[in-house]
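Only one structure is covered here, and it is reproduced in the block below.
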Amino acid sequence: MRLKFTKMQGCGNDYVYINGFEKTVPQEKKAELVRRLSDRHFGVGGDGVIFINPAQDADFEMEMYNADGSRSEMCGNGIRCVAKYVHDKGMTDREQFTIVSGGQIKKMMLTVEDGRTEAVRVDMGEPELCAQKIPVLADAQRVVDAPVTVGGQEYRMTCVSMGNPHAVVFVENTEDVQIGECGPLFECHERFPNRINTEFVQVLDKKQVRMRVWERGTGETLACGTGCCATAVACVLNGLTDRKITVLVRGGALQIEWNEADNHVYMTGPAEFVFEGETEIVPES
């Protein structure tokens, strides 16, 4: 069986996109398919695979998987790419619509020029700060600038869920972080029942920070949209930045605002097509 796909990226956070309106992959085959497609040597290559499906409670569904085949609830860069895909491929002519992922409905607001989506602003909703709901094991209701020992070293972390769990750690210089060593230790630390995405953040000034991210199930990626949102929230909670900041990641930059009036986090950034193709990397029936 041959399968059509589209490769897209947002700030270097790249995924393989499958149009679920055109082709249905059996649920029990998806994890294996995701691992094969995500492989950068034997597959298409990407941080994971996203299926764009019909939805009942929203205009479209984003069904997202990490590169290791595990399911994830939300992806900020991925959802912007889905928004561009459905608009620029004529699946909707609206510049505002909704996408559901992991049961969460997000509103898309597109900037369109000559029929082409140039940027997407996403209402990511309210950040979840309750430790139990993130989840993170803690004595306090909120985990803000709290100590955690990872690999024999003590860090200070602030935990936020943006539909998926994040631990934000502030550092002097992101380039000094041995992320390949400490990232996996954070991800599988006993305090995170569902594993964790970890952001290492260097504050440059009140309006700009630099971030590196270790994503659960994938490893270090060039960007993480929900991680940028969690970073902005953590910066405000720790009194380090304004509520509207630019987060510089290895693949580019995202504009993030934690709006004080409605408590929602808004993310604005690019989404790009890379290439399209067909593959025979499909599990046997």
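The values are calculated or read from the model by the stated rules, or taken from the named source; none is laboratory data. In this text, all values refer to a predicted model and were calculated from it rather than measured experimentally. Counting neighbours? That spans all protein chains shown, and the Cβs are built from the backbone with ideal geometry, glycine included. Surface areas here come from the heavy atoms of the whole protein model, side chains and all, with no ligands, DNA or RNA. Shrake-Rupley method; radii C 1.70, N 1.55, O 1.52, S 1.80 Å.
One table, with the values for the structure above:
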| item | result |
| --- | --- |
| Residues of region 112-134 classified as free of Cβ contacts under 8 Å to residues at least 60 places away in the same chain and either among the acidic types (Asp, Glu) or touching a Ser or Thr at 6+ places or on another chain (Cβ under 7 Å) (or both), total | 5 |
| Tally of residues being open to solvent by 20 Å² or more (accessible area, probe 1.4 Å) and not in a strand (DSSP E or B) across region 211-229 | 2 |
| Residues of region 149-203 satisfying the condition of being of a type in the set (Lys, Arg) and farther than 22 Å from residue 241 by Cβ | 191, 195 |
| Hits in region 236-260 (condition: farther than 17 Å from residue 12 by Cβ and outside any strand (DSSP E or B)) | 236, 237, 238, 239, 240, 241, 242, 243, 259, 260 |
| Some residue of region 201-209 being free of Cβ contacts under 8 Å to residues at least 40 places away in the same chain, assigned to a loop (DSSP other than H, G, I, E, B) and more than 15 Å from residue 163 (Cα to Cα) | yes |
| Every residue from region 89-109 that is more than 18 Å from the chain's Cα centre (by Cα) and not aromatic (Phe, Trp, Tyr) | 89, 90, 91, 92, 93, 94, 95, 96 |
| Spans of strands (runs of 3 or more DSSP E) in region 143-190 with at least 1 residues touching a residue at least 60 places away in the same chain (Cβ under 8 Å) | 153-161, 165-170 |
| Residue that is surrounded by the most Cβ atoms within 10 Å (Cβ to Cβ) [pool: residues in region 230-285 that are within 23 Å of residue 18 (Cα to Cα) and charged (D, E, K, R)] | 272 |
| Qualifying residues in region 3-29 (those that are modelled with pLDDT of 95 or more and basic (Lys, Arg)) - the one surrounded by the fewest Cβ atoms within 10 Å (Cβ to Cβ) | 4 |
| Filtered residue count, region 185-222, keeping only those that are farther than 15 Å from residue 143 by Cβ and polar (S, T, N, Q) | 4 |
| Tally of residues being part of a loop (DSSP other than H, G, I, E, B) and either touching a strand residue (DSSP E or B) at 6+ places or on another chain (Cβ under 9 Å) or modelled with pLDDT under 95 (or both) across region 263-285 | 9 |
| Long-range neighbours under 9 Å by Cβ, at least six apart or interchain, first residue under 19 Å from residue 19 (Cα atoms) within region 90-108, second open to solvent by less than 20 Å² (accessible area, probe 1.4 Å) and among the acidic types (Asp, Glu) | 101/63; 102/63 |
